[in-house]
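To start, the structure under review is shown below, and the notes come after it.
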Amino acid sequence: MRAQISLDLLFAFVLVTLTMLNLIYLSNSEIAHAESFDVMAKVRVFSTEIVDHTAKVYAVGEGYSLKEEPPQIEGAEFNITFNGAENKIIVNVTVNGKSYWVVKNSTVPIANASIVVESGGEFWIKTVKIGDMLYANITKGTNGN
Amino acid sequence: MRTSRRAQTAIEMVFILSIIFIGLILIVPSYVENNTNVAIVGYVRSSVSKAVDYLNTGIMTNEEPYSYLNPILANITENPHLSIKSLTSEETGSEVTIKVTLSTPFQSIETLPSLAENITAFVKKDLVENFRFTDNNGVLSYGGKTVNIEIDVVRG
C-alpha cells in the first residue's frame with residue numbers, strides 16, 4: 001500500500017515538473033527581455049529629456065547653460081549627436097557591445113556637435129551664436145564654456 | 001494458508017499497479033500534447049508582446065532578433081500605441097495555427113508597408129533563438145508540431 005502511494009506521488013511529481021520546467025524556461029527569457037528593456041526605457045527617458053531641455057535652453061536665450069547627467073547604466077557609453085543640417089538629435093548608447101539608439105527631431109535650431117559621455121559624467125546644453133542666428137549646442141566643457 | 005494469502009496480496013498488488021500504469025499510459029500523452037499546445041501559445045504571445053513593447057518604446061538596438069523591427073521604427077516618429085487585440089489558436093493533430101491581431105489608433109501605422117511581415121519575421125527569429133523552436137526553410141515547428149503564425153494589424 002505504501003508503495004502505491006509513493007508511485008502515485010512520483011507520477012504527479014513528473015507532471016508537475018514538466019509544467020514547472022516550461023514555466024521556468026518562459027520566465028528566463030522574460031528576464032533577458034526585461035534587462036534589455038530596462039536600458040531601452042532609460043534611453044527613451046534620457047533622449048526625451050535632452051530634446052525637452054534643448055528647447056528650454058533655446059527659449060531662455062543667449063548665455064544660458066544647463067547641466068545634464070546621463071542615467072546610471074552600468075558600463076554604458078553615451079554618444080549624443082546634434083545634427084544641425086537635418087535638425088535631428090541622435091542618442092546612441094552602447095552597453096556591453098550592444099547598441100541602443102534613437103533619432104529625435106529637435107523643435108529648435110541646433111548646431112552641429114557630438115559628444116561622448118559615460119554614466120556619472122556630465123555635459124552641458126547651451127546656446128551659441130553663429131552669424132545672427134542663435135543655435136542650441138551641446139558641449140562637454142566644465143562650466144558650459 | 002499463510003502462503004496463499006501472501007500470493008493473494010501479490011496478485012492484488014499486480015492489479016493495482018496495472019490500473020495505475022494503464023491510467024498513466026492514457027493520461028501522459030494527452031497531457032504532454034496539451035502541454036505542448038499551451039507552451040506554443042504562451043511562447044508566441046510572449047514574443048509578440050516583446051515586438052509590441054519594442055515598437056512602442058521606439059529605441060532601436062542592434063541586438064539580433066530586434067533588428068528585424070528596425071525598418072519599421074525608421075518610418076515611425078511617434079509612439080504607435082500598438083497592442084494585442086486578440087490571439088486565437090487552432091490546433092489539429094500535427095499543426096497549430098495562431099492568429100494574432102494587433103491594433104493601433106493611427107491609420108499611418110496601419111498602412112505602413114510590410115509592418116506585419118517585419119513583425120512576423122521578428123517573432124519567428126525570436127522563437128527560434130529563445131524558445132527552442134526549429135525553422136525548416138521557413139516552416140516553424142515545436143515539439144513535433146508545425147506552427148503557423150499569422151499577424152494582422154488593424155485600426156481601432
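The values are calculated or read from the model by the stated rules, or taken from the named source; none is laboratory data. All figures in this text were calculated on a predicted structure; none of them were measured in a lab. Neighbour counts run over all protein chains shown; Cβ positions are idealised from the backbone, glycine included.
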Within the stretch B:15-36, the residues that are among the polar types (S, T, N, Q) and at pLDDT below 90 are B:30, B:34, B:35, B:36
Result of the Cβ filter at 6 Å on the stretch B:100-117, keeping first residues that are closer than 15 Å to residue B:77 by Cα and β-branched (Val, Ile, Thr) and partners that are modelled with pLDDT under 90 and part of a helix (DSSP H, G or I), at least 6 apart or interchain, is B:104/B:110
Reported set for the stretch B:125-156 where residues are among the β-branched types (Val, Ile, Thr), in contact (Cβ under 8 Å) with a residue 60 or more places away in the chain and farther than 18 Å from residue B:35 by Cα is B:149, B:151, B:153, B:154
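Which residue out of A:49, A:77, A:35 is modelled with pLDDT under 90 and among the charged types (D, E, K, R)?
A:35
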If you go through A:43, A:95, A:14, A:39, the only one that is among the aliphatic types (A, V, I, L, M) and more than 9 Å from chain B (Cβ to nearest Cβ) is A:95
Inspect the stretch A:20-31 for any residue being of a type in the set (A, V, I, L, M) and either within 27 Å of residue B:75 (Cβ to Cβ) or assigned to a strand (DSSP E or B) (or both) and give the result as yes or no. no
Considering residues that are among the aliphatic types (A, V, I, L, M) and modelled with pLDDT under 90, the number found within the stretch B:86-114 is 2
Checked against (1) in a loop (DSSP other than H, G, I, E, B); (2) away from chain B (no Cβ under 14 Å); (3) touching a strand residue (DSSP E or B) at 6+ places or on another chain (Cβ under 9 Å), residue A:129 satisfies every condition except (1)
The one condition residue A:54 fails out of (1) within 12 Å of residue A:125 (Cα to Cα); (2) surrounded by fewer than 21 Cβ atoms within 10 Å (Cβ to Cβ) is (2)
**Asked** Any chance the stretch B:34-44 includes a residue that's surrounded by fewer than 17 Cβ atoms within 10 Å (Cβ to Cβ), more than 8 Å from every other protein chain (Cβ to nearest Cβ) and over 24 Å from residue B:123 (Cα atoms)?
**Response** no
Wholly inside the stretch B:1-119, helices (runs of 4 or more DSSP H) that include 3 or more residues that are among the charged types (D, E, K, R) are B:2-57
Of B:73, B:102, B:140, B:82, the only residue that is touching a helix residue (DSSP H, G or I) at 6+ places or on another chain (Cβ under 8 Å), buried (at least 18 other Cβ atoms within 10 Å of the Cβ), more than 14 Å from chain A (Cβ to nearest Cβ) and closer than 26 Å to residue A:48 by Cα is B:82
Filtering the stretch A:70-91 down to residues that are free of Cβ contacts under 8 Å to residues at least 40 places away in the same chain, hydrophobic (A, V, I, L, M, F, W, C) and more than 13 Å from every other protein chain (Cβ to nearest Cβ) yields A:85
When restricted to A:104, A:56, A:67, the only residue more than 10 Å from every other protein chain (Cβ to nearest Cβ) and part of a strand (DSSP E or B) is A:67
* **Condition met for residue A:94 (touching a residue at least 40 places away in the same chain (Cβ under 8 Å), among the β-branched types (Val, Ile, Thr) and surrounded by fewer than 18 Cβ atoms within 10 Å (Cβ to Cβ))** => no
